[in-house]
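Please read the structure below before turning to the comments.
The values are calculated or read from the model by the stated rules, or taken from the named source; none is laboratory data. Bear in mind the structure is a predicted one, so any value in this text is a computation, not a measurement. In this analysis, Cβ positions are derived from the backbone assuming ideal geometry, glycine residues included, and neighbour counts consider all displayed protein chains. Accessible surface areas use protein heavy atoms only, side chains included; no ligands, DNA or RNA. Shrake-Rupley method; radii C 1.70, N 1.55, O 1.52, S 1.80 Å.
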Amino acid sequence: MQTGKIAVTTENIFPIIKKFLYSDHEIFLRELISNAVDATLKLKTLASVGDFKEELGDLTIKVKVDKKAGTLTISDSGVGMTADEIERYINQIAFSGAEEFLAKYKTQANGIIGHFGLGFYSSFMVSDRVEIVTHSWQEGAKAVRWSCDGTPEYKIEDTEREARGTDIILHISDDSNEFLEEHKIEELLSKYCRFLPIPIVFGTEKEWKDGKEVETGKDRIINDTNPLWTRKPNDLKEEDYLKFYRDLYPGQEEPLFNIHLNVDFPFNLTGILYFPRIKTNFDIQKNKIQLYCNQVYVTDSVEGIVPEFLTLLHGVIDSPDIPLNVSRSYLQSDSNVKKISSHITKKVADRLQEIFKNDRDQFEKKWDDLKLFITYGMISDEKFYERAEKFALLKNVDGKYFTFEEYQTLVKDNQTDKNKTLVYLYASDKEAQHSYIEEAKSKGYDVLLMDGQLDPHFINSLEGKLKETRFARVDSDVIDKLIVKDDRKEVTLSVEEQADLRAIFEGALPPADHYWVSFEELSENANPVVITQSEFMRRMKDMAAMSPTSNFYGSMPDSRNLVVNVSHPLVKTIIDGKNKELSNKLNELDESIKPIKTRVDELEKAQKGKEDEEIPQIDRDALAEAEKQLDSLEEERTLILKGFGKDFKLVKQLIDLALLANNMLKGEDLSRFVKRSLELIKVD
Ligand code: ADP
C-alpha cells in the first residue's frame with residue numbers, strides 16, 4: 001500500500017469544493033457519469049482502431065444505491081486506469097493560478113468544475129469518502145483501489161477486480177443523504193443523463209401484475225442513447241419529430257413546425273428546434289430549449305447563447321463547441337457562441353422562408369400562431385428582419401394576408417397622401433373600431449388588423465424601416481384627414497360661428513371628459529359627429545402604459561377630439577336652431593359687448609409698451625374694470641350657448657351616437673340615450 005498527498009497548489013481544495021460549489025451539488029452525478037461515458041467511448045475507439053482486440057462485452061454503465069452501506073456506486077466497463085494513471089489524472093490536479101480563479105468564480109460552480117478538470121472531485125461535495133476501484137484495459141494491468149476522505153491525503157493499494165472498468169464508490173455524507181434516495185437519483189438521471197450515448201442502468205424494470213407493481217428482474221435502462229437530433233433528417237418522419245416533442249414536453253400543445261439543425265462547419269452543432277404556438281403573452285414559455293454538450297445535459301437557460309427571441313422556441317441544441325463549463329458572461333462574449341447564435345437565427349429564417357415558399361396556404365393558416373415570434377424577431381434582431389422581410393405577412397381586417405411587397409402594391413395608388421407618404425391604415429380591434437373601418441372601406445381604403453401584443457412596437461419599427469410610410473389607426477382622425485388628399489374642403493363657418501357651435505357642443509359634453517371640439521367639412525353621408533384620438537397621443541400613452549415607471553404622457557388625461565361634420569344636415573339643423581332661438585338674445589348681448597370691447601381695445605393700445613409705473617392708476621383701474629365687464633358678458637354669452645346645447649336633445653344625441661360608435665357609451669349615459677332615442681322616434 002502507498003499513501004501520498006494530492007498535489008494541489010491550494011492546500012485546502014476540498015473545503016473550497018464543499019463550500020463554493022454548494023448551490024450546484026447535484027451536478028456531481030453528471031460529472032461522474034460523463035467520465036464513465038468518456039471511458040467507455042475511449043475503449044470503443046481503441047477497439048475500432050484495432051488497439052483493443054478483446055471482446056467489448058456489455059458496456060452498460062450501472063448506477064447503484066446501497067442505502068444500508070450508505071454508498072452510491074457508478075460502474076463502467078470502460079478503459080479503467082492503472083495506478084500510474086491515477087497518479088497522473090486524479091492525484092495531480094493541475095492548478096495554475098487556482099486561488100485567483102476560485103476567488104473569481106466563487107459563485108459559479110460550473111465555472112470551476114470542468115475548467116480545471118475537477119469533474120471527479122465534485123463527488124466530495126456529497127461524500128465523506130470516495131473510492132475508485134479500477135482495472136485498466138492495458139495488458140498486464142492490475143486492479144487498484146484508491147481511497148480518499150476529503151483531505152489532501154489519499155491511499156492507493158492493489159485490489160480485486162476481475163473485469164476491466166471502473167467503480168466510483170461514494171460514501172455519502174450525512175448532510176447529503178438525499179442522494180441515497182432512489183427517486184432523487186432517478187430525477188437526476190433523467191435530468192442530466194437522458195440522452196447519453198452509452199446505456200445506463202438504474203434499478204430494474206417494473207411491471208403491473210394483478211393490480212400491483214412488481215420487479216421484473218430486468219435491468220432498467222434510463223436513457224435514449226440515440227436521440228433524434230443525432231440521427232439523419234432523411235431517415236426521420238414528421239411523426240418522429242412529434243413523438244420526440246411529446247417526450248420532451250409532455251402535455252404541451254403540438255408545435256407548428258420543426259427545424260433539424262445539422263452543421264459541421266465551421267463548428268459542430270446539431271439539434272431540433274420547434275416552433276410552439278404562441279397566441280398571447282401567457283403562452284410564452286422561455287427556457288424550453290435544452291442545451292447539450294455531446295448529449296450531456298448542460299442547461300435549459302439559454303439566454304445569451306441564442307438571441308432573445310429564439311428563446312421562445314422549444315427543443316434541443318447540442319454542440320461540443322460551446323464552452324459550457326464557463327461563466328455565463330464569458331459565454332455571451334465568446335466569439336464561437338456568437339457565430340452559433342447567428343447561425344441558428346439564419347437557419348430559423350431559412351426554414352420559415354422555405355415553408356412560406358413551398359406551402360403558402362399552410363403558412364398563412366399558421367401565421368396567427370407564428371406572428372408573435374416572427375414580429376419579436378423582426379423588432380429585436382436586425383439580421384432576422386432582413387430575412388423575414390420576405391415572408392412576414394400583414395393581415396387585413398378581412399383576414400387576407402399580404403407580404404410587405406404585395407401590400408405596398410395594393411394600397412400605393414389610393415393611400416398615398418398629398419405629401420407622397422404612403423399611409424397604412426390599421427385597426428387594433430375589429431369590433432370596437434367597426435364604424436371607422438367601414439368609413440375607410442367606403443373610400444376604397446384597405447385596413448390592416450394590428451391586434452397583437454407586440455404590434456405597437458412592430459408598427460414603430462416598421463415605420464423606421466419602410467420608406468415614406470406611416471401607420472394611422474382608423475380612428476385617429478376623420479377619414480379626410482387620415483390620408484390628406486388635394487381635394488380636402490376647408491370649413492366654411494367663420495371663426496365666430498365655430499366658437500358658438502363649440503360652446504353648444506361643450507354644453508352637452510360630459511363635464512369631466514377632455515374633448516377638443518373641432519369642425520370639418522366632410523361629406524353629407526359621413527357621420528355628423530366623430531370621436532378621434534390622435535395617433536401620436538395614443539401611441540405615447542400606450543407606450544407609457546407599457547413602461548413600468550410613470551412619465552409625462554402617462555399622466556396626461558385621456559384627451560380626444562370631437563369632430564363635428566358641418567356639412568351634415570343634422571348639424572345644419574343645430575345651427576339653424578341656434579339662429580332661430582338665440583339670435584335675439586345673442587344680438588342684444590353682442591350690442592352691449594361691442595362698446596366695452598372697443599373700450600378695452602383702446603385702453604390696451606394706450607397702455608401698450610409702458611411700464612406699470614408710467615400708467616396713471618386711474619387708467620389701470622379703468623382697464624381692469626372694462627376687462628371684468630367684458631369677461632362677464634362673454635361668459636354670459638357662452639352660458640347661453642352651453643345651456644342651449646345642453647337642452648337640445650339632438651346635440652346630446654349626436655354626441656352619444658359618436659360615443660356609441662366607439663363603444664364608449666356606458667351605464668347611466670347609455671340608459672338615458674335609449675330613453676331619449678325612444679322619445680325622438682316619432683311614429684307618423
Ligand atoms: P475531466 O473529466 O474533466 O478530465 P475529471 O477530474 O473528471 O476531469 O477526471 C480526470 C481524469 O481521470 C479523466 O480525464 C480520466 O482520464 C480519468 N477518469 C476519471 N473517471 C474515469 C473513469 N470512470 N474511467 C477511466 N478514467 C477516468
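I need the full set of residues from the stretch 341-363 which are open to solvent by less than 40 Å² (accessible area, probe 1.4 Å) and over 21 Å from the mean Cα position of the chain (by Cα), in order please.
If the condition is that a residue be open to solvent by less than 40 Å² (accessible area, probe 1.4 Å) and over 21 Å from the mean Cα position of the chain (by Cα), then Ile355, Phe356, Phe363 are the ones that fit.
Just checking, which of Phe202, Phe195 is in contact with a Pro (Cβ under 6 Å, 6 or more places away or on another chain), among the hydrophobic types (A, V, I, L, M, F, W, C) and assigned by TED's automatic domain parsing to the domain that holds Ser127?
Phe195
All but one of (1) within 16 Å of the ligand (Cβ to nearest atom); (2) of a type in the set (A, V, I, L, M, F, W, C); (3) within 34 Å of the chain's Cα centre (by Cα) hold for Ile156; which doesn't?
Against the list (1) within 16 Å of the ligand (Cβ to nearest atom); (2) of a type in the set (A, V, I, L, M, F, W, C); (3) within 34 Å of the chain's Cα centre (by Cα), Ile156 comes up short only on (3).
Report, by residue number, each residue of the stretch 607-645 that is in contact (Cβ under 8 Å) with a residue 12 or more places away in the chain and polar (S, T, N, Q).
Matches in the stretch 607-645: Gln607, Gln629, Thr638.
Does the stretch 379-435 hold any residues that are assigned to a loop (DSSP other than H, G, I, E, B) and within 19 Å of Arg351 (Cβ to Cβ), and which are they?
Correct list: Asp381, Glu389, Lys390, Phe391, Ala392.
Within the stretch 626-684, take every residue that is surrounded by fewer than 13 Cβ atoms within 10 Å (Cβ to Cβ) and small (Gly, Ala, Ser) and give me the one that is farthest from Val478 (Cα to Cα).
Ser632
Pairs, please: C-beta under 6 Å, at least 6 apart or cross-chain, first residue assigned by TED's automatic domain parsing to the domain that holds Gly452 and in the stretch 397-425, second basic (Lys, Arg) and open to solvent by less than 60 Å² (accessible area, probe 1.4 Å)?
Matching pairs, first to second residue: Tyr401/Lys395; Lys418/Lys485.
Go through (1) charged (D, E, K, R); (2) touching a Pro at 6+ places or on another chain (Cβ under 8 Å); (3) modelled with pLDDT of 85 or more and name the single condition Glu238 misses.
Of the numbered conditions (1) charged (D, E, K, R); (2) touching a Pro at 6+ places or on another chain (Cβ under 8 Å); (3) modelled with pLDDT of 85 or more, the odd one out for Glu238 is (2).
Has the stretch 34-51 got any residue that is touching a helix residue (DSSP H, G or I) at 6+ places or on another chain (Cβ under 9 Å), at pLDDT 90 or above and within 12 Å of the ligand (Cβ to nearest atom)?
Yes: one or more hits.
Name the residue, out of Glu627, Glu613, Glu604, Glu668, that is more than 25 Å from Asp500 (Cβ to Cβ) and outside the structural domain of Phe505 (by TED's automatic domain parsing).
Selected residue: Glu613, the only one of Glu627, Glu613, Glu604, Glu668 that is more than 25 Å from Asp500 (Cβ to Cβ) and outside the structural domain of Phe505 (by TED's automatic domain parsing).
Residues that are modelled with pLDDT of 90 or more and within 30 Å of Lys642 (Cα to Cα): does the stretch 459-476 have at least one?
Yes.
Exactly one condition in (1) within 17 Å of Gly150 (Cα to Cα); (2) more than 12 Å from the ligand (Cβ to nearest atom); (3) at pLDDT 70 or above is not met by Gly57; state its number.
With (1) within 17 Å of Gly150 (Cα to Cα); (2) more than 12 Å from the ligand (Cβ to nearest atom); (3) at pLDDT 70 or above applied to Gly57, the lone miss is (1).
Being at pLDDT 80 or above and either out of contact with any strand residue (DSSP E or B) (no Cβ under 6 Å at 6 or more places or on another chain) or not assigned by TED's automatic domain parsing to the domain that holds Leu196 (or both) narrows it down to one of Val348, Val302, Val326, Val337, so name that one.
The conditions single out Val348.
Name the one entry in Phe202, Phe195 that is open to solvent by less than 10 Å² (accessible area, probe 1.4 Å), touching a helix residue (DSSP H, G or I) at 6+ places or on another chain (Cβ under 7 Å) and away from the ligand (no atom under 16 Å from the Cβ).
Phe202
Is there a residue in the stretch 307-319 that is at pLDDT below 80 and not hydroxyl-bearing (Ser, Thr, Tyr)?
For the stretch 307-319, residues at pLDDT below 80 and not hydroxyl-bearing (Ser, Thr, Tyr): absent.
Output the number of residues of the stretch 41-74 satisfying the condition of being under 44 Å from the mean Cα position of the chain (by Cα) and over 22 Å from Gly140 (Cβ atoms).
10
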